[in-house]
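Remarks on the structure that follows.
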Amino acid sequence: MVSSVRAQCRVCNQFAPAEQFRMHHAHQRMVCPNCYSNANKPQQPASPFKEERKEELKPAGWDHEDEYLERLAKARKKEAQGTFSEIPGSSKVKYSCSSCSYAFRYDPAMKSPSSCPYCGKAVTRYWQ
């Protein structure tokens, strides 16, 4: 009587003999034979209602160009600019970097430093 080691599948959380596990390209991990055979079958969407609702939110005439422009606008919004705050009694301003949040003094007259000393990201324009 040979006892095999049983392992738990990380997809379905069921136990199966370790020798039967196989690498699955979609899950990118070792899966049990049940998950391996079921993953090859086409799956139905989880809830078709959510997909329909997603379509309803878009206005008439919405096309691929509009989707591209929307994604581009979101990316620009994500790229937050750093914040400037005046230092009283000085011509310099305090700049807080948008990528690393490092705060340092910035001289708008000399435009120095031109980039963040901590992460190297360029300093955005300063408007007085």
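Contour minus end-to-end for residue 60 and residue 121, with contour as 0.36 nm per residue of separation and end-to-end as the Cα-Cα distance?
17.9 nm
For region 79-128, what does the alpha-carbon gyration tensor say about shape, rounded, prolate or oblate, given a ≥ b ≥ c as the root eigenvalues, a/c under 1.5 as rounded, and a/b over b/c as prolate?
Here region 79-128 falls in the prolate category.
Once you have the Cα-Cα distance between residue 19 and residue 87, take 0.36 nm times their residue separation minus that, and quote the gain in nm to one decimal.
17.7 nm
With a cut-off of at most 12 other beta carbons within 10 Å, and DSSP calling the residue loop, which trypsin sites (Lys or Arg not before Pro) in region 96-128 qualify? Please list them.
Hits after loop and neighbour filter: 111, 125.
Read-outs throughout are calculated quantities, based only on the coordinates presented, and are distinct from any laboratory measurement. Please read all numbers here as calculations on a predicted model, not as lab measurements. No Cβ is skipped: glycine too gets one built from the backbone with ideal geometry, and neighbour counts run over all protein chains shown.
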